[in-house]
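Reviewing the structure listed below.
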Amino acid sequence: MTLAQRLFRTKPTAQIVAEGGRGEGGELRRTMSLWQLTLFSVGATLGTGIFVILGQAVPKAGPAVVLSFVLAAITALFSALSYAELAGTIPVSGSSYSYAYATLGELIAWVCGWCLMLEYAVSVAAVAVGWGQYLNSFLHSLFGWTLPTAIIASPGQDGGVINLAAILIVVLATWVLLYGASESATANAVFVLIKIVVLVFFCVVAFSAFQAKNFTPFAPLGVAGITAAASQVFFSYIGFDAASTAGEEARNPKRDLPLAIILSLAIVTVLYVLVAAAAVGAMPWTQFDPESTEASLAQIADLATGSTWAGLIVSFGAVIAIASVVLTVIYGQTRILFAMSRDGLIPRVFQKVNPRHQVPVANTLIVAGFISVLAGFVPLGQLAEATSIGTLFAFLIVNIGVLVLRYRSPELPRSFRTPLFPLTPVLGAIFCALVMAGLAGVTWLAFGLWMLVGLAGYFLYGFRKSRLNAEVV
């Protein structure tokens, strides 16, 4: 085979599915129900976005920010439907990495997996840093004291030595994950239900102070404002694909994975629209400060009740929300690395399964250690924003993968079929490309540098160790 043929050689879907669940030393355990899978995706999606991004989006669209959330949900839905089809057809742990391997070849699969490493590792480190800040705010509201700056800020920031708070939440999430997938799913379910209850509580409180006049004029900044806000809030939908990383630990993956992806997006969309409507109804859109967004929901809750107890509950919800995101994202990262290791593209240690708990222990500890270093010692800054482009690239690949697999292997059994094919995946790919095109130049620069490092890693290690390539040498 020529070099190009080897680089873009696809892995048969039957082989990918047959290998599912198996690693060195044991197999992953199929314990996760539809409910747990759905809450995994909700847990990864429903995080800091609604607690922070709403305050930034309202000044762009005014009361019509409600439509911005709907528009962003429709944009995410196209990719979610493509994920649902491929998750039901190729129900394994690798998510979009495995889908790319089956449809577009090994090099594209590697690039996709490398993008997911950027998305998961850096984003969860940034989220962990945010958790420390929210925890500090919560403690200050509850007890009137705060943690020393030396242990909640990284070196290089004012007074920062080590962000112990960020490391703490990573360690706690890792401790839960090491007990097993079922235990992790149960813990996540508790976290998710708490933050849903908190957001419903916010809606009840905010609607009690609802004033219809706050919605007049409805779209003061026009269609341009609605679309600008939609582009911003789109990133609060990222995470609905988390269930696809649990393909080898789902009880009935062909049925449950597509349903979990669609259900999670529906749940999150309803919550986002309700929270946005309640927030704008309780406080005029002109009073939202885009520079001070961390406590926007807590501030509105306090204004609606005329006291601080409501805002305290909302702040507690933010702390729980971020903890849930850390748990689910670390889980997803380890399962993608598990699949890549099984294919030989990264070292074998990442696929070793502990026979007692039936989880990849070494993999989980390595990922947690790397994320802890990032969260505790590195000021992430704008690098965290670069994770968005990695996610969008993975979405783009999945939409193209659906098109390729439908035309190349129409006979494959599919438990879910994307409606309005080929329009849906085509629109999904176009929307992803448009959102990517609108990202800042510094984001593209960070993405380009990350890709160069990834390609070097592939040709120095992955290409030579690939199990698929070993078959033709």
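The values are calculated or read from the model by the stated rules, or taken from the named source; none is laboratory data. The structure displayed is predicted, hence computed values, not measured ones. With ideal geometry, Cβ positions are generated from the backbone for all residues, glycine too; neighbour counts draw on all protein chains shown.
Conditions tested, residue by residue: (1) outside any loop (DSSP other than H, G, I, E, B); (2) in contact with a strand residue (DSSP E or B) (Cβ under 9 Å, 6 or more places away or on another chain); (3) crowded, with 20+ Cβ neighbours inside 10 Å.
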{"position": "I162", "(1), (2), (3)": "no, no, no"}
{"position": "A165", "(1), (2), (3)": "yes, no, yes"}
{"position": "L172", "(1), (2), (3)": "yes, no, no"}
{"position": "W175", "(1), (2), (3)": "yes, no, no"}
{"position": "E183", "(1), (2), (3)": "yes, no, no"}
{"position": "N188", "(1), (2), (3)": "yes, no, yes"}
{"position": "I194", "(1), (2), (3)": "yes, no, no"}
{"position": "F201", "(1), (2), (3)": "yes, no, no"}
{"position": "F210", "(1), (2), (3)": "no, no, no"}
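Let's see how each residue does on (1) basic (K, R); (2) more than 18 Å from the chain's Cα centre (by Cα):
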site: K60; (1), (2): yes, yes
site: A72; (1), (2): no, no
site: N136; (1), (2): no, yes
site: S141; (1), (2): no, yes
site: D158; (1), (2): no, yes
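Quick one: in the stretch 321-371, which of the residues that are small (G, A, S) and under 17 Å from the mean Cα position of the chain (by Cα) is modelled with the highest pLDDT?
Per the stated criteria, the residue is A368.
Okay, residues lined up against (1) farther than 27 Å from Y83 by Cα; (2) part of a helix (DSSP H, G or I); (3) out of contact with any helix residue (DSSP H, G or I) (no Cβ under 8 Å at 6 or more places or on another chain):
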position: I366; (1), (2), (3): yes, yes, no
position: F370; (1), (2), (3): yes, yes, no
position: V398; (1), (2), (3): no, yes, no
position: V404; (1), (2), (3): no, yes, no
position: Y407; (1), (2), (3): no, yes, yes
position: L439; (1), (2), (3): no, no, no
position: L449; (1), (2), (3): yes, yes, yes
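For a quick check of your reading of the model, give me the residue pairs whose first member lies in the stretch 445-462 and is in contact (Cβ under 8 Å) with a residue 12 or more places away in the chain and over 15 Å from L107 (Cβ atoms), whose second is of a type in the set (D, E, K, R) and crowded, with 16+ Cβ neighbours inside 10 Å, with beta-carbon atoms closer than 8 Å and at least 6 apart or on different chains.
Close Cβ pairs satisfying both conditions: none exist.
Hey, can you tell me all the residues within the stretch 440-452 that are exposed (fewer than 11 other Cβ atoms within 10 Å of the Cβ) and either under 16 Å from T10 (Cα atoms) or at pLDDT 90 or above (or both)?
The one that is exposed (fewer than 11 other Cβ atoms within 10 Å of the Cβ) and either under 16 Å from T10 (Cα atoms) or at pLDDT 90 or above (or both): L452.
Give the residue, chosen from P419, P379, P425, P413, that is in contact (Cβ under 8 Å) with a residue 60 or more places away in the chain and assigned to a helix (DSSP H, G or I).
Criteria check complete, one pass: P425.
Could you check the stretch 442-463 and list, in sequence order, the residues that are under 16 Å from A394 (Cα atoms) and either touching a Pro at 6+ places or on another chain (Cβ under 8 Å) or of a type in the set (G, A, S) (or both)?
Of everything in the stretch 442-463, those that are under 16 Å from A394 (Cα atoms) and either touching a Pro at 6+ places or on another chain (Cβ under 8 Å) or of a type in the set (G, A, S) (or both) turn out to be G448, G454.
Please verify whether A301 is at pLDDT 85 or above, part of a helix (DSSP H, G or I), of a type in the set (G, A, S) and closer than 22 Å to I53 by Cβ, treating the condition exactly as stated. Let's see the steps before the verdict.
On the way: at pLDDT 85 or above: yes; part of a helix (DSSP H, G or I): yes; of a type in the set (G, A, S): yes; closer than 22 Å to I53 by Cβ: yes.
Yes; evaluated as a whole, the condition is true for this residue.
Before we move on, is A209 of a type in the set (G, A, S), in contact (Cβ under 8 Å) with a residue 40 or more places away in the chain and farther than 17 Å from T31 by Cα?
yes
Which numbered condition trips up V378, out of (1) farther than 23 Å from E85 by Cα; (2) touching a Pro at 6+ places or on another chain (Cβ under 8 Å); (3) aliphatic (A, V, I, L, M)?
Condition not satisfied by V378: (2).
If you check I53, I74, I90, which single one turns out to be touching a residue at least 40 places away in the same chain (Cβ under 8 Å), surrounded by fewer than 24 Cβ atoms within 10 Å (Cβ to Cβ) and of a type outside the set (D, E)?
Testing whether each residue is touching a residue at least 40 places away in the same chain (Cβ under 8 Å), surrounded by fewer than 24 Cβ atoms within 10 Å (Cβ to Cβ) and of a type outside the set (D, E) leaves just I53.
Could you say whether any residue in the stretch 453-466 is buried (at least 19 other Cβ atoms within 10 Å of the Cβ), assigned to a loop (DSSP other than H, G, I, E, B) and hydroxyl-bearing (S, T, Y)?
Yes, the conditions are met somewhere in the stretch 453-466.
Take the stretch 327-356 and flag every residue that is among the basic types (K, R) and more than 18 Å from Y99 (Cα to Cα).
Within the stretch 327-356, the first condition is being among the basic types (K, R), and the residues that meet it are 335, 342, 348, 352, 356.
Correct list: R348, K352, R356.
With the requirement that a residue be over 18 Å from T245 (Cβ atoms) and in a helix (DSSP H, G or I), what does the stretch 314-361 give you?
Result: V314, S315, F316, G317, A318, V319, I320, A321, I322, A323, R348, V349.
In the stretch 1-93, which helices (runs of 4 or more DSSP H) lie fully inside it and hold 1 or more residues that are hydroxyl-bearing (S, T, Y)? Write out each step before concluding.
Details: elements: 3-7, 13-19, 34-45, 54-61, 65-89.
The qualifying helices (runs of 4 or more DSSP H) are 13-19, 34-45, 65-89.
Give the residue that is surrounded by the fewest Cβ atoms within 10 Å (Cβ to Cβ), with candidates limited to residues of the stretch 6-39 that are among the small types (G, A, S) and over 23 Å from R255 (Cβ atoms). Show your work before the answer.
Initial filter on the stretch 6-39 (among the small types (G, A, S)): 14, 18, 20-21, 23, 25-26, 33.
Filter once more, keeping what is over 23 Å from R255 (Cβ atoms): 23, 25-26.
On the way: G23: 24, G25: 14, G26: 17.
For the stretch 6-39, the residue satisfying everything is G25.
I'd like the full set of residues that are buried (at least 23 other Cβ atoms within 10 Å of the Cβ) and either of a type in the set (F, W, Y) or under 27 Å from S41 (Cβ atoms) (or both), limited to the stretch 301-318.
Selection gives A301, V314, S315, G317, A318.
Give the residues of the stretch 227-239 that are more than 12 Å from the chain's Cα centre (by Cα) and surrounded by fewer than 22 Cβ atoms within 10 Å (Cβ to Cβ), sorted by residue number.
Residues satisfying the conditions are T227, A228, S231, Q232.
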